[in-house]
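The values are calculated or read from the model by the stated rules, or taken from the named source; none is laboratory data. For clarity, every value in this text was computed on a predicted model and none was experimentally measured. When we count neighbours, we look across all protein chains shown, and the Cβ atoms used for this are built from the backbone with ideal geometry, even at glycine. Surface accessibility is based on the protein's heavy atoms, side chains included, excluding ligands, DNA and RNA. Shrake-Rupley method; radii C 1.70, N 1.55, O 1.52, S 1.80 Å.
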Amino acid sequence: MALVLVVVLVGLSMSSCGGDDLVIGVSTSVRDTGLLDELVDEFKRQRPDPAATVKPVATGSGQIIELARRGEVDILITHLPEAEAKLIADGDGIDRRRLMHNFFVLVGPPDDPVGVRAAASLPAAFRLIAGTEATFVSRGDNSGTHVRELALWRQAGIDPVGESWYQESGAGQGQSLLVASDKGAYTLVDSGTFVVFRERLELEPYVSDEEPNQYSIIRVNPDKHDVNEAAALAFAEFLTSPAAQRVIADFGREKYGEPLFVPAGPVGDMTSIPVSIP
Amino acid sequence: MELIWDGITEALRLIFSGDAEVYEIMLLSLAVSAAATGIALVIGLSIASFLAFRAPPGRMLALSILNSGMALPPVVVGLVVAVMLWRTGPLGQLHLLYTPAAIVIAQAVIATPIVTALSVVALQTLHPKLRLQVLALGASRWQAAWLLFREARLPLLAAVMAGFGAAISEVGASIMVGGNIKGSTRTLTTATVLETSQGDFETAIALSFILLALVYAVTLTFTIIQQRRRAS
Amino acid sequence: MTQPKMGVRGVLVERAGHRILFVEELDVSPGEVLAVVGPNGAGKSTLIHVLALLERPSAGEVLFDGRPVRDGLLSYRRRMAVVFQEPLLLDATVESNVGSGLALRGVPRAERAHRVRRWLERFGIAALARRSARTLSGGEAQRVSLARALALEPEVLLMDEPFAALDEPTRQALIDDLDRALAETGTTVVFVSHDRAEALRLGDRVAVIIGGRIRQVGPPSQVFAAPADEEVAAFLGVETIVPGRISAVEEGLAVVEVSGCRVEAASALEGQSAGEVLVCLRPEDVVLSPAEDRPAATSARNRLPSVVRRVVRSGAQVRVELDAGFPLVALITKQSLEELSLEAGSRVVASFKATAVHLIPRHARPQSPTG
């Protein structure tokens, strides 16, 4: 019986082309927008190498960095600048490249009961929310968005955790937006996801972050971990190539009327516009 | 409500327009869950035969563990299987993580306690001496097993259906060990989760509807097999 | 004596530290029917399981054709057949049930069909051939089970209380059919039963098993006439059982010759008017009176002058073993014993009614083929 299982597993593992696979750790926000699938499809089109099975795995940025530390992924796309820097400082990551960015936006109910639209900055808007105890929905999941949100609260000089008006959804970006919309609450969201969900939400964007929400590519250090260096390098080169950057620049234009991300590099004749703030 | 109606319409469109991606996802779901159920059945019947016929000491303990195993959370299974299959994990050399095989393993782990526990019940519906009678008629061990499984086929098919249902409807483990990779490990449930998180509820509902239809079709087939003999 | 067809040597079965069965030695000759009787829980079924190679004893050996069975159990099992108390049919038609053992043993289809038909007819169930086994009555199902076993044409047939679950008329009819079939095939049989009458009816020899041990083995008349110990006597009911021959039927009464004596019996014999029988008499039905008494004192048809061989007191009752030309046992009260002042050598008249005599027909069985 155990023998049957082993035979089945070995058979399956043979069919999956063993050690040549390229495991890409990707932040959920890149997958949830649908950009990941397009980039991977384009990569496969350009590099139809059957030896390398591309395995993009989407999960929270925090988790991806942990997987990278263990050498479980070959390359990662994340938006956690501080953790990324530490990964490289520790020698687990190398060759960090900027891929694209968008902005974190504070969104809230259309009537803006707190009047955050008048706030000069995100920390100022956060202070307004805390002062009036307006409901705020937090991801609460150690994602890139959540980490940035906590940094902003610190800048505002407020510790909201545990307050009755501060609610942690513990869910993905899209789900958290739906929760905020339903409760008539404020929340911080990356502009790309907001554009995707905008139609279904009773939420308006009010204040944009001054710092970009930067997505970076990092390769896992092949000197320290047993990774697929060649394929990872090829993928990194591809992502920073004009072709991939054009995919990023175009992504969302047709479906949502505006792009979701700003590419980091040249894309030829294309220009890109981030989500507009009134 | 309108959304659900739109979803069902979309589901019918996807099915009848022969949408290649949807068909690929359907076939993968079916193949992966069928393989997982098959493995669960082989393991489950072996364990169940041992527990039901040999009545070993500690059977109560084994049965209670199996019964609570029926409520094994898929996410826990996914996590454990993923850690086992990590490159640095004990089975890392197999390079199975983020492949359909990994989903098969995780679903098999989920389905096995269900199939086993229900198979024990199924085999216990047989007369305790029937195994002796079959052996006395001159059956080899395998012949005896085959005959006894055939005798208990009605409740055993119920066990198979329950195991398949648990496998194909599971999502947490599939995402964790499969990675929901387009064209490779995207199943109906993980695709549904993805569409939901992308805000495309219409497609999500369409995929859910297709999943339900698929489960119904498979279960219907089994039910027909199960009840046909009974009617005669 | 011919080589035994099957036997056990020093077989010990223990479960959870309890000794279930211990048989020093037990053999069954080719063509012989060995009836193993004993109360419930005596280890009878375990003995059958061990003989059928379905349960491995903790110690000891099973012999087949004189050789110990050590491995290749399957090939030995395929030379035997087992009938259990429950019919244990498969969920299929009657004919495929009867053919199931043959199919498992790889008997070719044509031969299988032939044998199935033959044995369905032998047990009078040919009409049920295409019926689902689920729909059978208890008696029909047990007929199917017996036909399934005999269709295998086994060298040894083992039966574990095959008639215990059946009602009386069904049981008698099935015993008759089986008896006839066994007489014709000359199959070696070991069957266990808690019912003494079944053992007497079918057994060439009787083994009494109590508390996991074989207490006594021998021809029925010997075992019943001289139980080895009190427990055996208690289980057997200390009956008088002697072989006889019906010589005539007069006025509805059978006249039976028993060792030169004439015994009249009112026992119903289903039209049988001659042949070998076992004469059974319960000891409490035997009345003792002084030798000089006149016949007018009793309405009993049978009055046999006898000599007391032995007087055994057990509690309030006394068991008196007599020689009436054949061994005869009477059970009387202590008071009667004192009134009659009986002791070994005393002369008495033993009387019993014709209705108290029970006759069991015996088919003459072919002697062992090798002997």
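Quick notes on this structure:
- Filter pass, B:L135 being under 30 Å from A:Y256 (Cβ atoms) and either open to solvent by 10 Å² or more (accessible area, probe 1.4 Å) or assigned to a helix (DSSP H, G or I) (or both): no
- The residues of the range C:70-103 that are facing chain B (nearest Cβ under 7 Å), part of a helix (DSSP H, G or I) and surrounded by 22 or more Cβ atoms within 10 Å (Cβ to Cβ), listed by number, are C:R77, C:S100, C:G101.
- Residue-level check: of (1) in a helix (DSSP H, G or I); (2) of a type outside the set (S, T, Y); (3) touching a residue at least 24 places away in the same chain (Cβ under 8 Å); (4) within 14 Å of chain B (Cβ to nearest Cβ), A:K255 misses just (3).
- Per-region count, the range C:40-75, residues more than 24 Å from B:H127 (Cβ to Cβ) and of a type in the set (S, T, Y): 2
- Residue in the range B:143-197 that is farthest from B:Q107 (Cα to Cα), counting only those that are of a type in the set (K, R) and assigned to a loop (DSSP other than H, G, I, E, B): B:K182
- Only helices (runs of 4 or more DSSP H) whose full extent lies in the range B:1-105 are considered here, and the ones with at least 1 residues that are open to solvent by less than 60 Å² (accessible area, probe 1.4 Å) and among the acidic types (D, E) are B:2-16.
- Of the residues in the range C:221-229, not one is of a type in the set (D, E, K, R) and open to solvent by 60 Å² or more (accessible area, probe 1.4 Å).
- Sole residue being within 14 Å of chain A (Cβ to nearest Cβ), among the hydroxyl-bearing types (S, T, Y), under 26 Å from B:I114 (Cβ atoms) and open to solvent by 20 Å² or more (accessible area, probe 1.4 Å), chosen from B:T192, B:T185: B:T192
- Selection count where residues are in contact with a strand residue (DSSP E or B) (Cβ under 6 Å, 6 or more places away or on another chain) and in a loop (DSSP other than H, G, I, E, B), scope the range A:143-164: 1
- Checking each residue in the range A:47-77 for being part of a loop (DSSP other than H, G, I, E, B) and either at pLDDT 90 or above or over 16 Å from the mean Cα position of the chain (by Cα) (or both) picks out A:R47, A:P48, A:D49, A:P50, A:A51, A:A52, A:T53, A:R70, A:G71, A:E72, A:V73, A:D74.
- Selection from the range C:19-45 of residues that are open to solvent by 10 Å² or more (accessible area, probe 1.4 Å) and β-branched (V, I, T): C:I20
- Among the criteria (1) modelled with pLDDT of 95 or more; (2) within 14 Å of chain A (Cβ to nearest Cβ); (3) in contact with a strand residue (DSSP E or B) (Cβ under 7 Å, 6 or more places away or on another chain), the one B:A136 does not fulfil is (2).
- Residue, most open to solvent (accessible area, probe 1.4 Å), within the range C:1-18, restricted to residues that are among the charged types (D, E, K, R) and assigned to a strand (DSSP E or B): C:R15
- Which listed residue, of C:I246, C:I209, is out of contact with any Pro (no Cβ under 8 Å at 6 or more places or on another chain) and modelled with pLDDT of 90 or more: C:I209
- Boolean, A:L87 is within 14 Å of chain B (Cβ to nearest Cβ), touching a strand residue (DSSP E or B) at 6+ places or on another chain (Cβ under 9 Å), not acidic (D, E) and not in a strand (DSSP E or B): no
- When we screen C:L359, C:L337 for residues that are modelled with pLDDT under 85 and open to solvent by less than 30 Å² (accessible area, probe 1.4 Å), the only hit is C:L359.
- Of the residues examined, B:I65 is not one that is more than 30 Å from B:A117 (Cβ to Cβ), out of contact with any Asp or Glu (no Cβ under 7 Å at 6 or more places or on another chain) and either within 14 Å of chain A (Cβ to nearest Cβ) or among the aliphatic types (A, V, I, L, M) (or both).
- Residue within the range A:235-242 that is charged (D, E, K, R), surrounded by fewer than 18 Cβ atoms within 10 Å (Cβ to Cβ) and touching a strand residue (DSSP E or B) at 6+ places or on another chain (Cβ under 8 Å) present: no
- Scanning the range A:178-222 for residues that are in contact with a His (Cβ under 8 Å, 6 or more places away or on another chain) and over 21 Å from A:E258 (Cα atoms) returns a single hit, A:S216.
- Scanning the range C:155-185 for residues that are open to solvent by 10 Å² or more (accessible area, probe 1.4 Å) and either aromatic (F, W, Y) or closer than 20 Å to C:Y76 by Cβ (or both) yields C:E155, C:T185.
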